[in-house]
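First comes the structure, then the notes that go with it.
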Amino acid sequence: MGNLLFLFLLFGLNKLYFISTQLVPIEEAEWFRKNVLSEFEKRNKIKVIFLGANYGEFQDRINAEYKAKKGKISLAGGLSSDFESIGEAFIDLKNFLSNLKKKKINFLPFALKYNKYKGKTIYIPWLQGTYIFVANKKALEYLPPGVNIDSLTYNDLLLWVKGIWEKTGERKFGLPAGPRGLIHRFLHGYLYPSFTEAQIIKFDSEDAIEMWNYVKNLWKYTNPGSARWEKMDTPLLSEEVWIAWDHISRIKSAIIERPDDFVIFSSPMGKKGRGIIVVLSGLAVPETAPSKDYAFSLIEFLVKPEIQREILKGTGFLPVVENISFEGLEKGIKKIAEGVKKQNSGKNLIVSFIPGGLGNKQGEFTKIYRDVFKEIVIKNKNPMDILPFYKKKIIKLFKEKGASLPPPDNEIK
Amino acid sequence: MKLNEKYFPYVLLLPLLLYILLFFFNPFFNALKLAFFDENNKFTLIYFRELLRDPRFFSAIKYTLMFAVTIVPLQLITAFLIALFINRNFKGSKTLLFICSIPLAISDLAAGLIFLSIFTEHGFLNSFFYFLGLIKKPVYFLSYENIPLLFTSILIAEHWRATAIVLIILIAGLQMIEKDYIDAANVFGANFFKRIFYIIIPLLKPSIQSALIIRTLFAFQMFAVVIALAGDMIPVLSGETYFWYYIYRNSHIASCYAVVIIILSLLLTAIYLKFLTYKEPVYENI
């Protein structure tokens, strides 16, 4: 009944269908509709229908409309990797992007690095998410002498947590290695690139063996609760750990609740550089979009600095455009935004993307890193006996799906 | 009208039958299909081959069986003792029965979380030991580094959670035993243990059988308590099924796990039925 009434009210109004794999959780979607889209609707006298979808639904829908040469969807929002295998279904946004630049919308340089598909510009950057290291201020006095917290190496990190263990008898470093924790992202997007400059292709190299031996060492001083934790905000707040790594959305509530107790520090550096994962999402317009002009104005609206700031305030997703003032933001959110900005402008960055194009095999990709972790670190086996078997598995996965390797692997000759 | 009477019981059974068809056989056959047929509907064993290559599969079988063989006898003994005690019908025995069956009403995840708050590093048990001055630093009860301790913690939690169902079945069974038998045994001078081993246990066999079947099947479905306390450090079959379905997103391999659970459950139920079936004793010359 509610839906009928809603449709009735909509009658006669122009509609724009916006499908998205981002801002899908109910609270986020509600917030986005009420605070961002409604403003656009008022200004443009159009109703935006925001459809949350998972990766599979998103891809199926776009593909189906493209093949039927007729569609309803005018705007598609998704992760960079969501667009990868369906790039042909979207129009080239090259001219639109240069128009935006003329209107003084300046995107962060890295955000424009990966939006090409066969020479076409397929999406305009929209939101950014990432993972951060957080430390309780109590841990700072145990930092190895002469070390700056924002230019740690992974070895410094090890010395730091080892020092805490030696002085307090407690293991105060934590990782989300529970069943639904994201430790696999730490392995393939942070450690692997930092030690081997790649996520996948150097899977069983000598550098990789060195890396796994490092993880074994680090794990000795990691709180054993890590094997159970799925997100790190709670153990940080209960002070079971002082130092932790996790995705912003899973760690932010600790910082928002007690902003004065925590510091955010840049990812440590390995011998090849500072590996980080950037989760970048973008906005694309399908070839079959019925109202392209409205889609363009909605994109333009969503990348305005003041709207990007609103989204940061409401959801914790970071902006993709420059010159956003963090003043007046909630203290915790401000801290996160500044921390990420500092990390992204750090030296020797190796930016990793979560591989796209694996579709329903995405879960098995992550399982490989988790299984290797259990074999080598938990069961204390020799990396050389484990890695070659899993390397074959991972390469097979990419071949089966015909998926291309994600950055940084795709840039290594 | 006679015809109606003949078919009446079946009409009464129909809703149940429909329910079983819809909610048991339907998913059951779908799981079989997912386990043995690929996307093009062709028969295949590749999913089972992949299952056998999954390093966690054999550990999952191992731990599931270990839980089953430790927890089922333990629960049976505890429940039997409590049932004997409550069955003495003293003042307050009803209240005691009520308290003992509380865990029945608690979901297994909630039970897991309750025990998590007991065993965790800053949990009740550590606080209690600290208060008594037994420890200076928290003990990691739930650490992958000490699998036997972790296993025992899960055993305790699961023991608390699921003994109640066995208890209820056994109490019902005990109440069915006619007092005359016991009185007769008393007259002939049978002591407490003789009464238990020669009268109560043989007469309780049907209840023990149902309790064993239900409990063993439950042991194969053990899942939330293990995940709450051990994460995925102690793999069990149902847990792996869940992970493959929801996290690794491969419904074929998840279904293979489900098929393995079904086969093991059927096998054990058959064994119980064969060896524990209660036969009416034949009394000669009476």
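The values are calculated or read from the model by the stated rules, or taken from the named source; none is laboratory data. All of these numbers come straight from a predicted model, not from anything done at the bench. All Cβ positions, even for glycine, are placed from backbone atoms using ideal geometry, and neighbour counts span all protein chains on display. Surface areas here come from the heavy atoms of the whole protein model, side chains and all, with no ligands, DNA or RNA. Shrake-Rupley method; radii C 1.70, N 1.55, O 1.52, S 1.80 Å.
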So, how do all the Cα-to-Cα distances of chain A break down into 10 Å bins, in percent, from 0 on up?
4, 21, 30, 25, 14, 5, 1, 0
Do any trypsin sites (Lys or Arg not before Pro) in the stretch B:1-78 lie in a loop, going by DSSP, with at most 15 other beta-carbon atoms within 10 Å of their beta carbon, and if so which?
B:K42
Rounded, prolate or oblate, given the Cα gyration tensor of the stretch B:29-76, with a/c below 1.5 counting as rounded?
oblate
For A:K47, go through the lysines and keep the ones whose alpha-carbon is under 17 Å away, minus same-chain ones fewer than eight residues off.
A:K15, A:K34, A:K72, A:K292
With all protein chains present and a 1.4 Å probe, how do B:R249, B:R215 order by accessible area, largest first?
B:R249, B:R215
Of A:Y221, A:Y55, which has the most accessible area and how do the rest follow, probe 1.4 Å?
A:Y55, A:Y221
Picking from B:F188, B:F37, B:F275, which is most flexible by a Gaussian network model of chain B using Cα springs under 10 Å?
B:F188
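Once a ≥ b ≥ c are taken as the square roots of the eigenvalues of the Cα gyration tensor of the stretch A:339-397, is the result rounded (a/c under 1.5), prolate (a/b larger than b/c) or oblate (a/b not larger than b/c)? Write out the running numbers ahead of the final one.
Working: a/c = 2.55, a/b = 1.49, b/c = 1.72.
Cα axes put the stretch A:339-397 in the oblate bin.
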Say we join alpha carbon atoms closer than 10 Å with springs in a Gaussian network model of chain A; which of A:I255, A:I132, A:I91 then has the biggest fluctuation?
A:I91
In the P(r) worked out for the stretch B:43-275, what percent of Cα pairs fall beyond 27 Å?
47
So, how do all the Cα-to-Cα distances of the stretch B:1-116 break down into 5 Å bins, in percent, from 0 on up?
2, 8, 7, 9, 11, 12, 13, 13, 11, 8, 5, 2, 1, 0
What length, rounded to one decimal in nm, is gained on full extension from B:I263 through to B:A185, with 0.36 nm per residue of separation minus their alpha-carbon distance?
23.8 nm
DSSP beta bridges in chain A [antiparallel fraction, %, rounded to 5]
55
What is the Cα centroid distance between the stretch A:86-105 and the stretch B:8-84, reported in whole angstrom?
53
Hey, rough spin-label estimate for B:F197 and B:L52, points 7 angstrom out along Cα→Cβ, what's it come to in nanometres?
4.6
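At a probe of 1.4 Å, how much accessible area disappears from chains B and A on forming the pair, both sides counted, to the nearest 100 Å²? The partial results should precede the final answer.
Details: alone 18510 and 18370 Å², together 34410 Å².
Approximately 2500 Å², summed over both chains.
Could I get the Rg over Rh figure for the stretch B:150-221? Both from C-alpha atoms, Rh via Kirkwood, rounded to two places.
Details: Rg = 15.6 Å, Rh = 13.9 Å.
Here Rg/Rh amounts to 1.12.
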So if I take the centroid of the Cα atoms in the stretch A:154-183 and the same for the stretch B:154-208, what is the distance between those two points in Å?
52
Work from the charge dipole of the protein assembly as shown (Cβ charges, +1 for Lys and Arg, -1 for Asp and Glu, about the Cα centre) and give the residue of A:N223, A:V320, A:G273 farthest towards its positive end.
A:V320
Table column - 3J(HN,Hα) (Hz), the stretch A:263-271, Karplus curve with 6.51, -1.76, 1.60, x for Gly and Pro:
10, 9, 10, 5, 4, x, 10, x, 6
Which shape class, rounded, prolate or oblate, goes with the stretch A:145-189 when its Cα gyration tensor gives a ≥ b ≥ c as root eigenvalues, a/c under 1.5 marks rounded, and past that a/b bigger than b/c marks prolate?
oblate
Ordered by number, the GluC sites (Glu not before Pro) in the stretch A:298-378 that occupy a DSSP loop and have at most 16 other Cβ atoms within 10 Å are A:E322, A:E327, A:E330
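Can you compute the charge dipole magnitude of chain A about its Cα centre, using +1 on each Lys and Arg Cβ and -1 on each Asp and Glu Cβ, nothing else charged? Give it in debye, rounded to the nearest 20.
Working: 63 positive and 46 negative charges, 159 e Å.
That gives a dipole near 760 debye.
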Over chain A, the sum of -39500 (n - 2.57) across DSSP H runs of at least four, divided by residue number and rounded to 500 deg cm²/dmol, gives at 222 nm -12000 deg cm²/dmol
Quick check: net charge around A:R370, other residues with Cβ under 15 Å of its Cβ, Lys/Arg +1 and Asp/Glu -1?
+4
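Given a Förster distance of 25 angstrom, what is the FRET efficiency for A:E30 paired with A:E57, based on the Cβ-Cβ distance and rounded to 0.05? The partial results should precede the final answer.
On the way: r = 19 Å, r/R0 = 0.77.
For R0 = 25 Å, the calculated efficiency reads 0.80.
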Please report Rg over Rh for the stretch A:113-153, where both radii come from the alpha carbon positions and Rh follows the Kirkwood definition.
1.32
More than 26 Å apart: what percent of Cα pairs in the stretch A:73-205 qualify?
48
Cα centroid distance between the stretch A:357-373 and the stretch A:191-263, in Å?
18
Over the stretch A:133-218, how many percent of alpha carbon pairs lie in each 5 Å bin up to the one with the longest distance?
3, 13, 21, 22, 20, 14, 6, 2
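When only DSSP loop residues count, what trypsin sites (Lys or Arg not before Pro) in the stretch A:293-364 have their Cβ near at most 10 other Cβ atoms within 10 Å?
Here the trypsin sites (Lys or Arg not before Pro) that fit, given the DSSP loop and packing criteria, are A:K347.
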Can you compute the charge dipole magnitude of the protein assembly as shown about its Cα centre, using +1 on each Lys and Arg Cβ and -1 on each Asp and Glu Cβ, nothing else charged? Give it in debye, rounded to the nearest 20.
940
Which Cα, out of B:T70, B:Y246, B:Y47, lies furthest along the positive dipole direction of the stretch B:43-275 (beta carbon charges, K/R +1, D/E -1)?
B:T70
Of B:L65, B:L21, B:L13, the one that fluctuates the most in a GNM where chain B has Cα springs shorter than 10 Å:
B:L13
Given Cβ point charges of +1 (Lys, Arg) and -1 (Asp, Glu) and nothing else, what value in debye, to the nearest 20, does the dipole of chain B about its Cα centre take?
300
Surface/4 estimate of mean projected area, convex hull on alpha-carbon atoms of the protein assembly as shown, nm²
43.8
Just name one of B:F124, B:Y140, B:L104: the one whose Cα is farthest towards the positive end of the charge dipole of chain B (beta-carbon charges, Lys/Arg +1, Asp/Glu -1).
B:L104
